[in-house]
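Following: one structure in structure tokens, then a few remarks.
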Amino acid sequence: MEWWKDAIIYQIYPRSFQDSNGDGIGDIPGIISRLGYLEELGVDAIWLSPVYRSPNVDNGYDISDYRAINPEYGTMEDMERLIREARRRDIRVIMDLVINHTSTEHPWFQRGRERNSPYSSYYYWSRGDGDGGLPNNWTGFFGGDCWEFDVERCEYYLHLFSKEQADLNYHNPAVLEEVKDIMRFWLDKGVAGFRCDVVNVLWKESLASGKKRAVLTGMEQYLSQEGNHEILRQLRRVLDEYDAFAVGEAVFVTPDMARDLCGEDRRELDMVFSFEHMECDQYLVKWLKRKFRPQVFFECLSRWQQELDWNALYLENHDQPRSIPRFGSKKYWKKSGKLLATLLLTLRGTPFIYQGEEIGMTGFDFARMRQVNDVESRNVNRILAKFRVPAKLRWRVISRTSRDNARTPFQWTGGQQAGFTTGRPWLGVNHNCTKVNLADERRDPDSIWSWYRELLALRKSSGVLRRGDFVLLEAGKQVFAYRRELKGESLTIVLNFSDRPAQSPLRGTLVRSSCPRRSFNGSLQPWEAVILEEEGVYDESAGV
Ligand code: TEU
Ligand code: CA
């Protein structure tokens with residue numbers, strides 16, 4: 001049953017959502033205490049970033065026991081209670097399935113350091129290139145090379161991410177069986193499915209060196225290989241035993257590659273998180289920022305809407321800088337936040353809201369590198385320092401792109417630590433919580449939060465928004481306009497992505513505007529979003 005085609009899914013980064021015991025770290029009882037909020041907001045499912053036992057090198061994406069809960073977040077009983085309490089509110093729970101790698105503290109890795117153990121080929125081990133060099137020239141997602149020498153085994157092991165995250169070797173069939181058992185363990189507990197971490201790099205066809213690239217040299221050996229599709233087809237069989245859901249984080253995919261991962265006929269994933277629309281404000285790599293190009297963004301989003309029948313929709317997650325400073329406007333913070341909400345909630349697909357996005361959180365206000373926690377940011381800072389990049393420039397690069405921008409604690413109130421904790425938060429709370437916080441926005445009918453709630457209710461009541469086809473009307477320099485159509489009914493959405501007013505030739509009966517207005521004559525205020533009923537007819541006299 002495709003419940004996920006009518007659902008709004010909310011991503012929780014447990015470490016930063018709600019602390020319940022004053023240790024400054026978000027936890028599962030904290031999430032349970034906020035289920036009423038999520039029900040009121042109107043979400044149908046929550047995706048939890050990893051809560052399994054982990055040394056937290058990558059805040060849980062380095063798992064040392066898939067069947068145990070990180071004590072910082074609570075107990076297995078807490079987790080079972082969360083699943084139960086969420087279900088009671090018709091909210092499904094989706095777990096994060098990180099199966100490209102495990103923590104090097106996982107028992108499989110520890111035992112695998114012994115060559116004769118049954119785990120010795122659970123990972124990729126290599127003696128090197130024969131004359132003391134690394135096995136190949138691959139570079140990793142967090143910068144630097146992909147091999148770490150293990151003194152006990154006297155061999156290198158592969159890690160596409162941090163050296164504490166060793167890549168699993170799916171050429172050993174035992175590994176896939178282990179993963180299937182882990183899935184069944186959680187599906188038996190009543191989770192509704194999984195968000196699958198970097199799900200299209202699992203199968204390394206060969207360990208041969210690759211063509212030199214700015215990022216991820218060697219990628220051609222493991223990106224979306226046929227062996228990867230075979231793994232996903234096997235995982236789909238387990239999901240089908242439970243009628244469960246799977247969304248995959250798919251790096252560097254085109255629409256064609258995405259269709260091979262989540263097309264209905266493929267029997268692999270239900271949808272993917274793609275990255276192309278997230279690359280409209282960068283040169284080559286995400287650390288080299290450029291001025292955001294709205295038209296490129298509109299054209300990319302339109303292409304994905306037209307080329308895939310269905311897909312995940314997102315503008316934020318725990319890895320991405322916050323969307324308002326990035327795709328909107330700090331000057332028009334509220335208006336552009338409401339406009340981005342309208343984009344997310346009126347496109348075709350399954351919208352994912354990332355915690356804090358619904359109140360317009362804007363990233364961290366750190367002043368220096370020592371406040372940053374993220375392993376990727378620290379690795380990149382170290383590499384830049386090695387190349388003698390001055391600290392000031394390093395900080396400029398890191399502070400704009402660091403994943404910690406998405407990981408500062410949720411701003412529940414404008415009070416102490418934004419109501420997130422009574423203790424000292426594990427990561428700094430943004431001081432703008434005095435203005436950007438749920439409590440105040442809930443009281444303001446014109447707030448970003450009130451607009452999300454209104455749009456979520458509109459989407460729930462509108463088959464056109466939930467299931468309608470997408471028809472592009474305009475992908476201009478500042479205006480993005482499209483129609484959603486279903487069985488003769490249609491809604492037209494017109495978005496002005498600019499500090500400047502705009503004039504649109506489109507007309508229709510006003511359903512909603514993110515700015516106060518009673519009717520629509522084609523003129524759009526800066527950062528205004530309008531939703532129109534009936535045909536968005538062109539008024540030639542308007543001319544543009
Ligand atoms: O991210 C993998 C990924 O491709 C990137 O988005 C990554 O976050 C990094 O920014 C590359 O530039 C997934 C998880 O979302 C991320 O949090 C983990 O750190 C990573 O995998 C490893 O598990
Ligand atoms: Ca806590």
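For the reader, a short list of remarks on this structure follows.
- Sole exception among (1) assigned to a strand (DSSP E or B); (2) within 16 Å of ligand 2 (Cβ to nearest atom); (3) acidic (D, E) for D96, by number: (2)
- Selection over segment 13-23 of residues that are crowded, with 19+ Cβ neighbours inside 10 Å and of a type in the set (D, E, K, R) gives a count of 2.
- Residue in segment 353-364 that is of a type in the set (S, T, N, Q) and farther than 18 Å from Y452 by Cβ present: no
- Within the span defined as segment 92-111, every residue fails to be modelled with pLDDT under 95 and either more than 19 Å from K204 (Cβ to Cβ) or hydroxyl-bearing (S, T, Y) (or both).
- Test set (1) in a loop (DSSP other than H, G, I, E, B); (2) more than 16 Å from ligand 1 (Cβ to nearest atom); (3) surrounded by fewer than 24 Cβ atoms within 10 Å (Cβ to Cβ) - L345 fails condition number: (1)
- The residues on offer are N373, N311, and the sole one that is within 15 Å of ligand 1 (Cβ to nearest atom) and either in contact with a Gly (Cβ under 9 Å, 6 or more places away or on another chain) or touching a residue at least 60 places away in the same chain (Cβ under 8 Å) (or both) is N373.
- Answer residue from segment 64-115, given it is among the acidic types (D, E) and more than 24 Å from the chain's Cα centre (by Cα) and is surrounded by the most Cβ atoms within 10 Å (Cβ to Cβ) among those: D78
- Selection within segment 24-50: residues that are under 20 Å from N430 (Cβ atoms), more than 16 Å from ligand 1 (Cβ to nearest atom) and touching a residue at least 60 places away in the same chain (Cβ under 8 Å). The member of this set that is surrounded by the most Cβ atoms within 10 Å (Cβ to Cβ) is I25.
- Subset of segment 1-20 [more than 16 Å from ligand 1 (Cβ to nearest atom), touching a residue at least 40 places away in the same chain (Cβ under 8 Å) and under 14 Å from P425 (Cα atoms)]: Q18, D19
Conditions (1) away from ligand 2 (no atom under 16 Å from the Cβ); (2) among the small types (G, A, S); (3) under 20 Å from the mean Cα position of the chain (by Cα); (4) surrounded by 19 or more Cβ atoms within 10 Å (Cβ to Cβ), marked per residue:
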{"position": "N172", "(1), (2), (3), (4)": "yes, no, no, no"}
{"position": "E177", "(1), (2), (3), (4)": "yes, no, no, no"}
{"position": "D181", "(1), (2), (3), (4)": "yes, no, no, no"}
{"position": "G190", "(1), (2), (3), (4)": "yes, yes, no, no"}
{"position": "F194", "(1), (2), (3), (4)": "yes, no, yes, yes"}
{"position": "D240", "(1), (2), (3), (4)": "yes, no, no, no"}
{"position": "D243", "(1), (2), (3), (4)": "yes, no, no, no"}
{"position": "R259", "(1), (2), (3), (4)": "yes, no, yes, no"}
{"position": "C262", "(1), (2), (3), (4)": "yes, no, yes, yes"}
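- Residue match in segment 379-393 (condition: without any contact (Cβ under 8 Å) to a residue 60 or more places away in the chain and touching a Leu at 6+ places or on another chain (Cβ under 7 Å)): no
- Just one of the listed residues (L465, L456, L473, L427) is in contact (Cβ under 8 Å) with a residue 12 or more places away in the chain, outside any strand (DSSP E or B), in contact with a Gly (Cβ under 7 Å, 6 or more places away or on another chain) and crowded, with 16+ Cβ neighbours inside 10 Å, namely L456.
- Residues satisfying the stated conditions in segment 31-48, i.e. within 24 Å of R403 (Cβ to Cβ), within 15 Å of ligand 2 (Cβ to nearest atom) and in a loop (DSSP other than H, G, I, E, B): R34
- Considering segment 116-159, and only residues there that are farther than 27 Å from E177 by Cα and within 27 Å of the chain's Cα centre (by Cα), the residue that is surrounded by the most Cβ atoms within 10 Å (Cβ to Cβ) turns out to be W138.
- Filter result for the condition that a residue is over 24 Å from the mean Cα position of the chain (by Cα), outside any helix (DSSP H, G or I) and surrounded by 23 or more Cβ atoms within 10 Å (Cβ to Cβ), over R484, R500: R484
- Considering only residues in segment 293-329 that are touching a Lys or Arg at 6+ places or on another chain (Cβ under 8 Å) and part of a helix (DSSP H, G or I), the one that is nearest to ligand 2 (Cβ to nearest atom) turns out to be I324.
Residues are listed down the side, and each one gets a yes or a no for (1) touching a helix residue (DSSP H, G or I) at 6+ places or on another chain (Cβ under 6 Å); (2) crowded, with 19+ Cβ neighbours inside 10 Å; (3) on the phi > 0 side of the Ramachandran plot:
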site: Y354; (1), (2), (3): no, yes, no
site: E357; (1), (2), (3): no, yes, no
site: F364; (1), (2), (3): yes, yes, no
site: D374; (1), (2), (3): yes, yes, no
site: I383; (1), (2), (3): no, no, no
site: R388; (1), (2), (3): no, no, yes
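- In segment 316-359, the residues that are among the charged types (D, E, K, R) and more than 23 Å from S513 (Cβ to Cβ): E316, D319, R322, R326
- Filter result (more than 7 Å from ligand 2 (Cβ to nearest atom) and closer than 10 Å to Q355 by Cβ) within segment 3-30: Y10, Q11, I12, Y13, P14, S16, F17, Q18
- Within segment 208-236, residues that are on the phi > 0 side of the Ramachandran plot reach partners that are among the small types (G, A, S) with beta carbons closer than 6 Å, at six or more positions or on different chains, in the pairs G218/G210.
- Any hit, segment 33-45, residues being modelled with pLDDT of 95 or more, touching a Gly at 6+ places or on another chain (Cβ under 7 Å) and farther than 15 Å from E85 by Cβ: no
- Segment 53-80, subset within 19 Å of D19 (Cβ to Cβ) and hydroxyl-bearing (S, T, Y), residue nearest to ligand 2 (Cβ to nearest atom): Y73
The values are calculated or read from the model by the stated rules, or taken from the named source; none is laboratory data. What you are looking at is a predicted structure, and each value in this text was computed from that prediction instead of being measured. Every residue, glycine as well, gets a Cβ built from its backbone with ideal geometry; the counts of neighbours run over all protein chains shown.
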